[in-house]
Amino acid sequence: MCGASDSHPDIHWPSGFSPDQADSFCQAQAVVHAPPGTAFALLTDVMRWPEWVPGVTEVRAGPLTRTFEVWFHGDRFELYLGEHVPQSRLGWSGIGAGVQLYQAWLLTPVADGTHVVIENVVRGPAAKSLDSLTPLWAQRLNTLWLAQLKRLSEGAPEDSGA
């Protein structure tokens, strides 16, 4: 499992959600062979998450423009968009199932596509007990989500999200 020192230096953490304040922290990264706009478009099309994000079964728009509800493995989470810089960074905080979380995405253009970093900070009793029972749970989720993003981005038409 990742430690706080493994956090990417360009990730912006909101107050109270830095990796050293987490009950669970993890990171995954990969090069996606597609332009940043393609991956960014998939990540920001929240209503389509149930089609490709592991464990997400339902999404509903929230009462405010930057909020939404996500059902993840049967648990309801309220998510709030915290950072949105087109084609380069996203971050959202969430509350649900006994945890508070912040998930950050960093997309950087590289010669053969986009270097994508996903990092999660999770706090709360559920995160502590999951970490003690299955220390790699969050890492596996990040890796699966990133693999799906890579697969869909690389299979998207060239002009998608650009």
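The values are calculated or read from the model by the stated rules, or taken from the named source; none is laboratory data. Computed from a predicted structure; not experimentally measured. When we count neighbours, we look across all protein chains shown, and the Cβ atoms used for this are built from the backbone with ideal geometry, even at glycine. Heavy atoms of the whole protein, side chains included, go into the accessibility calculation; ligands, DNA and RNA do not. Shrake-Rupley method; radii C 1.70, N 1.55, O 1.52, S 1.80 Å.
Taking all protein chains as present, what is the carbon and sulfur share of the accessible area of the chain, in % to the nearest whole number, probe 1.4 Å?
Ligands and nucleic acids excluded, carbon and sulfur give 57 percent.
Before anything else, pin down the relative contact order of the range 25-83: Cα pairs under 8 Å, at least 6 apart, normalised by residue count, whole percent.
18
Short version: ³J(HN,Hα) in whole Hz for each residue of the range 88-104, in order, from phi by Karplus 6.51 cos²θ - 1.76 cosθ + 1.60 (θ = phi - 60°), x for Gly and Pro, what are they?
After applying 6.51 cos²θ - 1.76 cosθ + 1.60, I find 9, 8, 9, x, 9, 9, x, 9, x, 6, x, 9, 10, 9, 9, 10, 10 Hz.
For the range 1-69, with every protein chain kept in place, what is the accessible area per residue (1.4 Å probe, Å²)?
Here the per-residue accessible area is 50 Å².
Can you find, among GLY74, LEU43, GLN139, the residue farthest towards the positive end of the dipole of the range 10-146? Put +1 on the C-beta of Lys and Arg, -1 on that of Asp and Glu.
Final value for the positive-end residue is GLY74.
For ILE11, ILE95, give me the order by solvent-accessible area with a 1.4 Å probe, most accessible first, ignoring ligands, DNA and RNA.
ILE95, ILE11
Which value, in debye to the nearest 20, gives the size of the charge dipole of the chain about its Cα centre, when Lys and Arg are +1 and Asp and Glu are -1 at the Cβ?
260
Extending each Cα 7 Å along its Cβ direction at ASP112 and ARG151, get the distance between those two points in nm, one decimal.
Label at ASP112, label at ARG151, 2.0 nm between them.
Add +1 for every Lys or Arg and -1 for every Asp or Glu among the other residues with Cβ under 15 Å from the Cβ of THR57, and state the total.
-1
With unit charges on the beta carbons (Lys and Arg positive, Asp and Glu negative) and the dipole taken about the Cα centre of the range 1-110, which residue among GLN100, LEU64, GLN21 sits farthest to the positive side?
LEU64
As an exercise, use a Förster radius of 30 Å and the Cβ-Cβ distance of GLU51 and VAL31 to find the FRET efficiency, rounded to the nearest 0.05.
0.80
Once you keep just the Cα pairs under 8 angstrom separated by 6 or more residues, what percentage relative contact order results for the chain?
Relative contact order of the chain: 31 percent.
Would you calculate the separation in nanometres between label points at ASP20 and LEU144, each defined as 7 Å from the Cα along the Cα-to-beta-carbon direction?
3.2
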